[in-house]
Amino acid sequence: MTPDQIPQTGGYMVAAYIVTAVILLAYTIVLWRRGSAKTKS
Amino acid sequence: MVVDLLRHAWLVARKDLYLEFRSRTAITSALVFTALVLVVFEHGRDPTAVATIDLAPSILWVTFSFAGMLTLNRAFNAELENQALDGLLLAPISRTSLFWGKLVANLAFVAVVQIAGLLLFTLFFNVPVWRVWAPLVAVMILATVGFIAVGTLFSAMVVRTRFAELMLPVLLLPFLLPPLIAAVEVTAKLLGGRPLSEVAGWFRLLAAFDVTFVTLATLLFPATVTE
Amino acid sequence: MTLVRSGRWITGIALLLVAGVYVRALVYTPVEIHQGLAQKIYYVHVPSAWSAMLAMGMVGLASILFLFLKDPRYDRFASASAEVGTAFSLVMLTTGPLWARPIWNTWWTWDARLTLTLMLFFLFVGYQVLRGAVTDPGLRARYAAVVGICGMVLLPFIHLSVYLFRTLHPMPIVLKPSKPSLPGSMLVTLLLSVGVFTLLYVGFVMQRYAIGERSDDA
C-alpha cells in the first residue's frame, strides 16, 4: 500500500500517548507530594 | 458431617423464610416494585416504533436485577437489630451452614419474585415465552445463583459499614454485569427463536461463573464474621 | 535508603524508560498498514492493561496471604497495589476507546472483554471505597481481603471470555497457545513497553506502601 492509502489516524495516537503521559505523571506527582508530607496524609 | 451442614443450613434458611412469611414486607415490596417497573416499561414504549421483542430481554433483566438487589438488602438487615447476628454466630452451627442458609433463603425470595415477574412479563408484553420456557428458566437460575452468592457474601460485610445501602451496589456491580450480560444475550436469542447451539457458550460461561463464585463465597464467608 | 526514596528512584528510572519506549514506538517501529498510526496505541494500551491486571493479581495474592497469615503488611501491600492499579486501569480505559474509535468506528462496545476490563476499574474503585467506609483497621483489612480475592478470581474470566465468544476485540496474538504472531520489531517494542510499565508499577507500589506505613492508615 502507498503511504496515502494507509488510514490517517495519527490524531488518535497523539491523543492516547498524551493522555497516558498525563495520567502517569499526575500520579507520580501525587505520590511524591504525599511521600513528602510530614504528617499523616 | 455433610448431613449436619445441610440440616443446619436448612434451619437457618427456614428461620428467614418463616420470618418473611409472617411479615411479608420484603417480598411484598419486591413484588410491587417488579410490577411497577413492568407497567412503567409497558406504558413507556411505542409499539409502532420499537418491536417489543427488541426491548423485552432488557426489560426483563432490569426488573430481575432490581429485585435481586432489594432481596440482598434485606439479607442481613434483620440480624442487625438486637445483635441477632451475634446470636447466630454463637449457635452451634458452622459458618458454612450459616452462609448456605442465608444463600438458600435469598435464592428462594428471588425465585418467587422472578417467577411472578416472568408471569407478569408474559402478560404485559406478549412475547413467545412458552416455546422456550425451559432454557429461559435455566438461564434465569444460572444468572441469578452466582450473583446472589457474591451478594450474600458482600451483604454480610456492608451491613456493618457506613452507607451500607450504597456500598452494596457499588461493590457488586463488577460481579453483576458479566452474568447479566450473558443472561440478556441468551434471552434475546431465545425469544428471537435462535437455535440453542448459539447460546451454548454463554451457558458455559454462566455455569463456570456460578461454580467458581459459590465455592469462593462459601470459603470466604467465615472471614467476614470472625472476630 | 528508605522505601520512599528507593521507590522514587525506581519510578524516575521507569518514567525515563517510558519516554524511551515512546521514542521507539513512535519513530522506530513500523506503521501498520491497515490501521495506520493509531495502531501504535497498542504499545501503551496493552502494557497498561497488563499492569492493571498485575495489580489486581497482587491485590488478590496479598489478600489471600493476609487471611492466612494475619500479617498487616500484606494488607498494606494490597491497599497500595489497588491504588496503583486504579491509575493503570485509567490509562487502559482512556487509550482503549481512543484506539477503538478509528478502528471500529465506535468509542465503546459491550463485548465480553471490554466490559470485564471496565469492571476491573470498578473493582479497584469499590475496593478503595470499602476501605474508606470501615473504621476498624482489623475489620477493614479482612473485608478488603475478601473483596480483593473475589476481584482477582474475576480476572481469568476476562481473558477466557475472548475465546468463548466471537467479539470485536482483537483475539489475543501474543498470549495464546501457539507462537506470537506479531512481526519481530513490533513484538520487541511491545515487550520492552510491558517491562517498563511493570517497573513503573513496582516503583509506584513501593512509594504507596511507604506512605501507608507512615500514616499507618493503609
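The values are calculated or read from the model by the stated rules, or taken from the named source; none is laboratory data. Note that the structure is predicted; figures quoted are calculated from it, not measured. Cβ placement follows ideal geometry from the backbone for every residue including glycine, while neighbour counts extend to all protein chains displayed.
The table that follows gives values for the structure above.
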read-out	value
Matching residues, the range B:18-44, being within 30 Å of B:Leu90 (Cα to Cα) and modelled with pLDDT of 80 or more	none
Candidates B:Ala134, B:Ala108 - the one that is within 15 Å of the chain's Cα centre (by Cα), surrounded by fewer than 19 Cβ atoms within 10 Å (Cβ to Cβ) and more than 14 Å from every other protein chain (Cβ to nearest Cβ)	B:Ala108
Residue, nearest to C:Met186 (Cα to Cα), within the range C:1-22, restricted to residues that are within 11 Å of another protein chain (Cβ to nearest Cβ) and β-branched (Val, Ile, Thr)	C:Val21
Single condition C:Ser6 does not satisfy, out of (1) under 26 Å from C:Gln128 (Cα atoms); (2) surrounded by 19 or more Cβ atoms within 10 Å (Cβ to Cβ); (3) hydroxyl-bearing (Ser, Thr, Tyr)	(2)
Contacts under 9 angstrom Cβ, first residue in the range B:198-227 being within 9 Å of chain C (Cβ to nearest Cβ), partner loosely packed, with under 14 Cβ neighbours inside 10 Å and assigned to a helix (DSSP H, G or I), 6 or more apart	B:Thr212/C:Pro156
Some residue of the range C:24-37 being touching a Phe, Trp or Tyr at 6+ places or on another chain (Cβ under 7 Å), buried (at least 17 other Cβ atoms within 10 Å of the Cβ), more than 20 Å from A:Leu24 (Cβ to Cβ) and not charged (D, E, K, R)	no
Verdict on B:Thr187 being under 30 Å from B:Asn77 (Cα atoms) and among the hydroxyl-bearing types (Ser, Thr, Tyr)	no
Any hit, the range C:105-121, residues being within 22 Å of C:Leu54 (Cβ to Cβ), of a type in the set (Phe, Trp, Tyr), facing chain B (nearest Cβ under 10 Å) and surrounded by fewer than 20 Cβ atoms within 10 Å (Cβ to Cβ)	yes
Count - residues of the range B:1-32 that are closer than 12 Å to B:Ser97 by Cα and exposed (fewer than 11 other Cβ atoms within 10 Å of the Cβ)	3
Hey, B:Pro178 in a helix (DSSP H, G or I), surrounded by fewer than 19 Cβ atoms within 10 Å (Cβ to Cβ) and within 14 Å of chain C (Cβ to nearest Cβ) or not	no
Qualifying position, being at the interface with another protein chain (Cβ under 8 Å from one of its Cβ atoms), without any contact (Cβ under 8 Å) to a residue 24 or more places away in the chain and within 14 Å of the chain's Cα centre (by Cα), among B:Leu153, B:Leu173	B:Leu173
The one condition in (1) assigned to a helix (DSSP H, G or I); (2) more than 16 Å from B:Ser65 (Cβ to Cβ); (3) not charged (D, E, K, R) that B:Val127 fails to fulfil	(1)
Where a residue in the range C:88-101 is more than 9 Å from every other protein chain (Cβ to nearest Cβ) and its partner, wherever it lies, is among the hydroxyl-bearing types (Ser, Thr, Tyr) and in a helix (DSSP H, G or I), with Cβ under 7 Å and at least six apart	C:Met92/C:Ser48; C:Met92/C:Thr117
Output for the range C:130-139, where each listed residue is crowded, with 18+ Cβ neighbours inside 10 Å and at the interface with chain B (Cβ under 9 Å from one of its Cβ atoms)	C:Leu130, C:Ala133, C:Val134
Residues that are β-branched (Val, Ile, Thr) and in contact (Cβ under 8 Å) with a residue 40 or more places away in the chain, drawn from the range C:1-48	C:Thr2, C:Val4, C:Ile10, C:Thr11, C:Ile13, C:Val18, C:Val21, C:Thr29, C:Ile41, C:Val44, C:Val46
